[in-house]
Structure formats: structure tokens, C-alpha cells
1. Can you give the charge dipole size of the range 4-77 about its Cα centre, rounded to the nearest 20 debye, using +1 on the beta carbon of Lys and Arg and -1 on the beta carbon of Asp and Glu?
2. Which one of 66, 35, 53 has its Cα pushed farthest toward the positive end of the charge dipole of the range 4-77, where Lys and Arg give +1 and Asp and Glu give -1 at the Cβ?
3. For residue 19 and residue 45 in the same chain, what is the full-extension length gain: residue separation times 0.36 nm, less their Cα-Cα distance, in nm?
4. What ranking do 80, 32 get, fewest neighbouring Cβ atoms within 10 angstrom at the top?
Amino acid sequence: MLDSRKCLEIYEFCQNQYKKLEKKTGFYSPKHDKVVMELAAKEFQMSEAIINNAFDLAAQTLSKNSKSKSEKIIRNKLIHGTF
């Protein structure tokens with residue numbers, strides 16, 4: 001079951017993977033997106049589509065709000081099916 005904390009956990013995991021890949025290659029590449037989503041799908045045992053949606057939801061919400069407020073917003077979106 002996907003909840004607001006899990007969305008934020010997925011987002012943080014993905015951000016860490018992006019940082020590792022950027023450190024390894026020296027730059028960001030769009031190819032990293034696929035690799036990161038595959039790693040997260042394995043880590044959280046969810047489909048890449050769900051991981052991608054959770055990451056996008058958390059990223060969009062965090063860009064506009066604090067972490068605690070983002071958790072509430074994400075929870076409401078999940079409850080009301082606007083995910």
C-alpha cells in the first residue's frame with residue numbers, strides 16, 4: 001500500500017541514487033532516470049509506474065511545501081484518488 005511516508009521514502013531513495021550515479025559519471029544523464037526507477041522498483045517491490053508516480057508526486061509537492069506539509073498533501077491526494 002502506498003502512503004505519504006512511502007512516497008517521500010521513495011523520493012529520498014531515488015535522490016540518493018541520482019547522487020551516486022552523478023558522482024560516478026560526473027554528470028546527470030537522462031539515462032539515469034531509467035536506472036534509478038528500476039533500482040527503486042526492486043528496492044520497494046513495486047512497479048516502475050507506481051515508483052515513477054510516487055516520485056513525481058513527492059517531487060512536485062516538496063518543491064512547493066515543507067516536508068511535514070507535503071506529507072499531509074500527499075496523503076490527501078492518495079485518499080481522494082488524485083494520485
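No value in this document is a laboratory result; all are computed from the given coordinates. As the structure is a prediction and not an experimental result, all values here were calculated from the model. Methodologically, a virtual Cβ is constructed for each residue, glycine included, from the backbone with ideal geometry; neighbour enumeration extends over all protein chains shown.
1. Dipole magnitude for the range 4-77 comes out near 260 debye.
2. Toward the positive end, the furthest listed residue is 66.
3. Full-extension gain reported as 7.2 nm.
4. Least to most surrounded, the residues fall as 80, 32.
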